[in-house]
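What follows draws every value from the coordinates through simple rules; no lab data is involved. Here the structure is a predicted model, which is why all the values come from computation and not from measurement. Positions of Cβ are backbone-derived with ideal geometry, glycine not excepted, and every protein chain shown enters the neighbour counts.
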Amino acid sequence: MRSLAEAIGGVLAVPVESVSPGSFGLIGRLFALDMPSSSALTQRRFGWEPTHPNLIADLAAGDYPALG
């Protein structure tokens with residue numbers, strides 16, 4: 001989650017700081033859990049090969065229309 005926040009904060013030029021997961025109630029505690037994921041199984045089963053950047057790289061690129 002920190003990497004996501006840092007990528008978004010970098011694009012928006014806003015500071016990112018750590019806060020207690022409890023600050024966000026149940027959802028904060030859920031996001032604080034260590035839940036790694038991988039596309040390895042999907043790649044093996046279906047022969048899929050990713051062609052686009054990963055989520056963090058995509059967010060950091062900032063190729064999104066301005067809001068508002």
(request) Would you please name the residue that is nearest to Leu59 (Cα to Cα), looking only at residues in the range 9-41 that are touching a helix residue (DSSP H, G or I) at 6+ places or on another chain (Cβ under 6 Å) and aliphatic (A, V, I, L, M)? (result) Val16
(message) I need every pair where a residue in the range 6-35 that is surrounded by 11 or more Cβ atoms within 10 Å (Cβ to Cβ) has its Cβ under 6 Å from the Cβ of a residue that is in a loop (DSSP other than H, G, I, E, B), sequence separation at least 6 or different chains.
(response) Glu6/Val16; Gly9/Val16; Val11/Gly62; Phe31/Met1
(request) Say whether the condition of being touching a residue at least 12 places away in the same chain (Cβ under 8 Å) and at positive phi is met by at least one residue in the range 52-59. (result) no
